1. Might you check whether a residue that is crowded, with 17+ Cβ neighbours inside 10 Å and over 20 Å from the mean Cα position of the chain (by Cα) occurs anywhere in the stretch 349-366?
2. Touching a residue at least 12 places away in the same chain (Cβ under 8 Å), surrounded by fewer than 23 Cβ atoms within 10 Å (Cβ to Cβ), over 21 Å from Leu46 (Cβ atoms) and in contact with a Gly (Cβ under 9 Å, 6 or more places away or on another chain): does that describe Ala214?
3. Kindly provide the set of residues from the stretch 319-336 that are within 20 Å of Phe8 (Cα to Cα) and crowded, with 24+ Cβ neighbours inside 10 Å, ordered by number.
4. Which fully enclosed strands (runs of 3 or more DSSP E) of the stretch 332-389 have 1 or more residues being among the small types (Gly, Ala, Ser) and closer than 13 Å to His419 by Cβ?
5. Can you name the residue in the stretch 10-39 that is of a type in the set (S, T, N, Q) and within 18 Å of Ile315 (Cβ to Cβ) and, of all such residues, is nearest to the chain's Cα centre (by Cα)?
6. If you check Ala328, Ala375, which single one turns out to be closer than 24 Å to Ala271 by Cβ, among the aliphatic types (A, V, I, L, M) and either within 25 Å of the chain's Cα centre (by Cα) or in the same structural domain as Ile12 (by TED's automatic domain parsing) (or both)?
7. Taking Thr129 as meeting all but one of (1) surrounded by 17 or more Cβ atoms within 10 Å (Cβ to Cβ); (2) of a type in the set (S, T, N, Q); (3) in contact with a Gly (Cβ under 9 Å, 6 or more places away or on another chain), write down the number of the exception.
8. If we keep just the residues of the stretch 255-277 that are outside any strand (DSSP E or B) and of a type outside the set (Asp, Glu), which is surrounded by the most Cβ atoms within 10 Å (Cβ to Cβ)?
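The values are calculated or read from the model by the stated rules, or taken from the named source; none is laboratory data. The model shown is predicted, which means the values in this text are computed figures rather than measured ones. Every residue, glycine among them, receives a Cβ derived from its backbone with ideal geometry; neighbour counts consider all protein chains shown.
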Amino acid sequence: MADKSDSFDVVILGGGNGGYSCAFRAVGLGLSVAMIESDKVGGTCLHRGCIPTKALLHSADLLDEIRAAGEFGIKISEPDYDWAQVQSFKQSVVDRMYKGLSGLVKKKKIELIEGTGTLVDKRTIAIKTSDGDRTVTANKGIVISTGSVPRDLPFLAADGDKVHNSNHGLTAEDVPASVVVVGGNYIGLEFASVYRSFGAEVTVVEMLPKVAPAEDADISKSLQQLFEKRGIRILTGTSVTSAETSSSGVEVKVEKDGKEETLKADRAFVAIGRAPRSEGIGLEDAGVKTDKGFIVVDPLFHTSAEGVYAIGDVIHVPDSGWPHPQLAHVAFIEGIKVAEVLGGEQPSSVDYKNIPHIIYCQPEVAAVGLTEEKAKEMGYEVVTAKYPWQANARALMLGGGQGFVKTVAEKDGAVLGVHIIGARASDLITEAQLATSWEAYPSELAELIHPHPTLSEALGETFLHLAGKSLHG
């Protein structure tokens, strides 16, 4: 194909959650859009992250529920599983979502260019496609949404054989008999949960003093206890010092308080975070400033190069005052916001303090707003209320009532954070976000009517308690 030059209002580099949400909103504002994607539209979340991981977790949770069926009066023999069919189910969910998303891209008349894009300058991107080279220009702005990739340890690089990262974990041909999970944050904990449900012996190694380090201390403590109850070994405050692989598996050497231990397993799973995908895309040529590989942006996603914006996992927002979460729904809202900037509107900045986040392990963890520790650190006089799932009828029906809801508020003030561990925590966190984002007072929230019997009543009970109207506490 001969070289071709096309002009669009907006050119988006990356077709993941941030990229396609930006494209959809921009089209809705009457802008012409080209979106460049080197793989498949939907990005990491759809193909190698959120969606396939949660599909595996659903199969894992279902297996655990069947094992516990006798507790509910259902007689059934010990269940077995077909890993190939589990993988097929996972892929069927991905494929259906991909088909729908691809259809929307076509329907909205977004120019999807399949290839590898590189910034030539702050208005131009050169693209290598299977049909040859192509150049596109942006009249209003370029949006970089290239996402992130799994990080490696220098002595424990993922090879897809004895050492896996999240990409490999989603396509593995089998479940190992034993696995050492390096990293006790959400990715490591979710895969540890999957492995354990499917029968693996699991050890989680976390360098920091607690698993799920970003969570409220009470949540992290409870999660560790419930993981250990499932037979998962947890090593916190523990560093990985070296590792070796062989045909028989891996040996991971760890150290805690000066004491060394060698962990032997069939496989290691490395989950130590994600690095920005920013190398080799021409940032220097366009004059885009980075910090440790992350593209530096202001609260409305302008980079140091006029007319170049960035969103999603690849960015750092120093002026926000809060860490930037590498979450698909964060990239999604950022895509909408930057499209509105390009469309001449005046959107508000993202409130990173009130981003809901979830760990889809067993049990689930969901939270929004400030932890008790962070609120105290910021100088708030804090009051808290906890309501145990074992006092909630619906939670007991769903299997044991493990976990609790914890609400953090300023004394005589607004709700600052809500933290949940237990069944279907993911489905409850949005109500909590309304409370923290609107700076609602417990006395106001205590007027809400929660239907009975539901899990949502536990949230209501914490609001009642903080309003001085505790009934069951």
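1. For the stretch 349-366, residues crowded, with 17+ Cβ neighbours inside 10 Å and over 20 Å from the mean Cα position of the chain (by Cα): absent.
2. Numbers: touching a residue at least 12 places away in the same chain (Cβ under 8 Å): yes; surrounded by fewer than 23 Cβ atoms within 10 Å (Cβ to Cβ): yes; over 21 Å from Leu46 (Cβ atoms): yes; in contact with a Gly (Cβ under 9 Å, 6 or more places away or on another chain): no.
In short, no.
3. Scanning the stretch 319-336 gives a single hit, Gly335.
4. Values: elements: 357-359, 365-369, 382-388.
The strands (runs of 3 or more DSSP E) meeting that bar are 365-369, 382-388.
5. Here is the first cut: in the stretch 10-39, the ones of a type in the set (S, T, N, Q) are 17, 21, 32, 38.
Now restrict to residues that are within 18 Å of Ile315 (Cβ to Cβ): 17, 21.
On the way: Asn17: 12, Ser21: 17 Å.
My answer is Asn17.
6. Working: Ala375 fails: closer than 24 Å to Ala271 by Cβ.
Within the list Ala328, Ala375, the selection yields Ala328.
7. Single failed check for Thr129: (1).
8. Start the filter on the stretch 255-277 by keeping residues that are outside any strand (DSSP E or B), which leaves 257-258, 266, 271-273, 277.
With the extra rule that they be of a type outside the set (Asp, Glu), the set shrinks to 258, 271-273, 277.
Values: Gly258: 5, Ala271: 25, Ile272: 20, Gly273: 13, Arg277: 20.
Per the criteria, the residue is Ala271.
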